[in-house]
Amino acid sequence: MLTGSTTEISTFKGEQRALRADRIGTPGLLLSVLAATAPMMVVAGVVPTTFAAVGIVGVPLIFLILGVVLILFSFGYAEMSRHVHNAGAFYAYIARGLGGTVGAAASYVALASYSILQCGIYGIFGFEISSQIAEHWQHNVDWWWPALGGVVIAGVFGALKIDVNAKVLGVLLLIETALIVVFDISFLSDPGPQGVSLHAFSPHSITGAGFGTALCFCIAAFTGFEQAPVYAEETSKPQRVVARVMFLAVGFATLFFAISAWAVTVAAGPSHVVSAAQHSPTMIFDLNQARIGNTFTDLLNVFFITGIFASLLSFHNVVARYAFAMGRDGLLPRSVSRTTNSGGAPIVGSLIQTVIALVVVAAFAITDNKPGGDPSFAPMMRLFTWAGNIGALGIVLLMAISSIAIIVFFLKRGAARVQAWRLITSAVSAIALLVIAFYAVKDFKVLLGVDPGHGLRWILPGIIGLAAFAGLVYGAVLRVKSPAAHARIGQGNEAFQLDKAASSAETSA
């Protein structure tokens, strides 16, 4: 733990306690952040799933509504990134506004949410690879083998320089984005039975009991855009780059997802899109195959898999940096904040997430091949569905609390008048995000696809509550036993540099 003592600082003398600066600029950061949103996975997976599960045609309009909410959130969040440069973005902001104890709780929620979310992606990653092998080579490979391979590869990339990761993520993102644009054009140029209809953008298209649930499904698609501040310490000009990337990311995601979802309704027909999604989980590929043919559809499947990998790698990097920041702030063992000498990558945090992912995938693999049960509820789909919804819930709650913390932060600094309009947008976004979180918990049974009385509807979201409780307890204990360490929560490298300077001054004296 951080205590500010000369002895403690000297113990870690010579070890890397900061991420390497000037590693990534605007293009690289933007591509890394957008890769986490996994455009192909959203368009081919989230969009048809929302149509099928909720029965609402207005999915494109819901993307626009959520985009507005997240842009309102981004005004305060981006401004905060100019004042606080910390790899523990969410919890650092919350600690600066609401105090170290709440910040400690937020750190455990952030670490748990991103870690669970990253682990869940291995479920669909392994499933898609094994499905393609079975289809094209008529060979059955259990889903967990490619999933475990993905864990190892992500772990290797996690130990490399962030600019190397950004290049890989960027190439994969650009290719899958180009392919989505191609089939969007094919859908719109060859519309279904109802022609090019704008019905999906009509307010009437989102009326009904499923609106709140649809918000929960769709907001998970945006998960990743909020990662930009996590890389603030590794950018050349964090005061400008982080804010710029956030707005570009949320703006791009909003328009891209809304237009692509609309193109799907045009291809199937607004009156038929829900039934089509309910009858075929591969609806997007079916619609595309009828228009462009098998070769392009096979290409889409390949880059669907690479897009999934880009997303899980991006989340792996974020988990590693949160673990690094927590180790540096004394919320995890100090050894977790070690970085590589050559590239400044958070090597220990990356290794920890690799081990966690290996354990999780292995645990779900062990439960496979059990007799009976619904095939659609197989372990790999449970892993993806459960983890995705738990992680998304945690991130929505973090965004809501961050908005409140941002308001308090600027009020404490006496900047209420200067930041007035940002405080207003933060307040509006906090309310909207809390409403979405309420619906997520209320409708968790729908998100999981289980019966209303199933215990998992409370047990799984309870994981986020448990993480928050553990963080609160640890923060409260730290406040009593080590007030100096408690005061440094969220201060990041600033506190370490101050302690280092103080130690040098004492040595000189």
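The values are calculated or read from the model by the stated rules, or taken from the named source; none is laboratory data. This one's a predicted model, so the numbers in the text were calculated from it and none came from an experiment. Note: ideal-geometry Cβ built from the backbone for every residue, glycine included; neighbour counts use all protein chains shown. For the accessible areas, the whole protein counts, side chains as well, though only heavy atoms, and no ligand, DNA or RNA atoms are used. Shrake-Rupley method; radii C 1.70, N 1.55, O 1.52, S 1.80 Å.
Could you list which residues have their amide H under 5 Å from that of Ala345, counting only those 5 or more apart in sequence or on another chain, with H placed in the peptide plane?
For Ala345, whose amide H was placed from the backbone, the distant partners under 5 Å are Thr340.
Give me the percent relative contact order of the range 392-475, please, defined on Cα pairs under 8 angstrom at least 6 residues apart. Before the final figure, lay out each step's value.
Details: 50 pairs, mean separation 26.4, N = 84.
Relative contact order, the range 392-475: 31 percent.
Find which of Ala487, Gly455, Ala166 sits farthest along the positive direction of the dipole of the chain, computed with +1 on the beta-carbon of Lys and Arg, -1 on that of Asp and Glu, about the Cα centre.
My answer, from the dipole projection, is Ala487.
Give me a comma-separated list of calculated 3J(HN,Hα) values for the range 73-81, in order, Karplus coefficients 6.51, -1.76, 1.60 applied at θ = phi - 60°, integers in Hz, x for any Gly or Pro.
4, 5, 4, x, 5, 5, 5, 5, 5
Step through the residues of the range 350-363 one at a time and calculate ³J(HN,Hα) from phi using the Karplus curve (6.51 cos²θ - 1.76 cosθ + 1.60, θ = phi - 60°), rounding each to whole Hz and writing x for Gly and Pro.
5, 5, 4, 5, 4, 5, 4, 4, 4, 5, 5, 4, 4, 5
In debye, nearest 20: dipole of the range 265-345 around its Cα centre with unit charges on the Cβ of K, R (+) and D, E (-)? Show your work: numbers first, answer last.
Values: 5 positive and 3 negative charges, 92 e Å.
With only Lys, Arg, Asp and Glu charged at Cβ, the dipole is about 440 debye.
Would you mind pulling out the separation of the Cα centroids of the range 460-479 and the range 224-302, in Å?
If we compute the Cα centre of each part, the gap is 34 Å.
Spelling out what I want: for every residue of the range 456-471, take phi, set θ = phi - 60°, compute 6.51 cos²θ - 1.76 cosθ + 1.60 (Karplus), and round to whole Hz; glycine and proline get x.
Once rounded to whole Hz, the list reads 5, 5, 9, 5, 5, x, x, 4, 5, x, 5, 5, 5, 5, 4, x.
Could you tell me what percent of the accessible area of the chain is made up of carbon and sulfur, with a 1.4 Å probe and every protein chain present? Could you put the intermediate results ahead of the total?
Working: 13090 of 19360 Å².
Exposed carbon and sulfur together represent 68 percent of the surface.
How large is the charge dipole for the chain, taken about the Cα centre, if only the Cβ atoms of Lys, Arg (+1) and Asp, Glu (-1) carry charge, to the nearest 20 debye? Kindly include the intermediate steps, with their values, before the conclusion.
Numbers: 29 positive and 24 negative charges, 348 e Å.
Dipole of the chain, to the nearest 20 debye: 1680 debye.
Largest first and in whole Å, give the semi-axes of the chain's equivalent ellipsoid, each being the square root of 5 times a Cα gyration tensor eigenvalue. It would help to have the intermediate numbers written out before the result.
Values: eigenvalues 300, 124, 92 Å².
Output for the chain: semi-axes of 39, 25, 21 Å.
Give me the accessible area of Val156, 1.4 Å probe, in Å² rounded to the nearest 10.
Here the accessible area works out near 90 Å².
Quick one: which residues, 5 or more positions from Gly330 or on another chain, have an amide H under 5 Å from its amide H? H modelled 1.01 Å from N in the peptide plane, none for Pro or chain starts.
Leu2
What longest range of the chain stays clear of loop-exposed trypsin sites (Lys or Arg not before Pro) (DSSP non-H/G/I/E/B, at most 14 other C-beta within 10 angstrom)?
Working: sites that count: Lys13, Arg413, Arg417.
That would be 14-412.
Over the chain, what is the relative contact order in percent, taking alpha-carbon pairs closer than 8 angstrom and at least six residues apart? List each step's numbers first, then the result.
Details: 878 pairs, mean separation 177.3, N = 509.
Here the relative contact order equals 35 percent.
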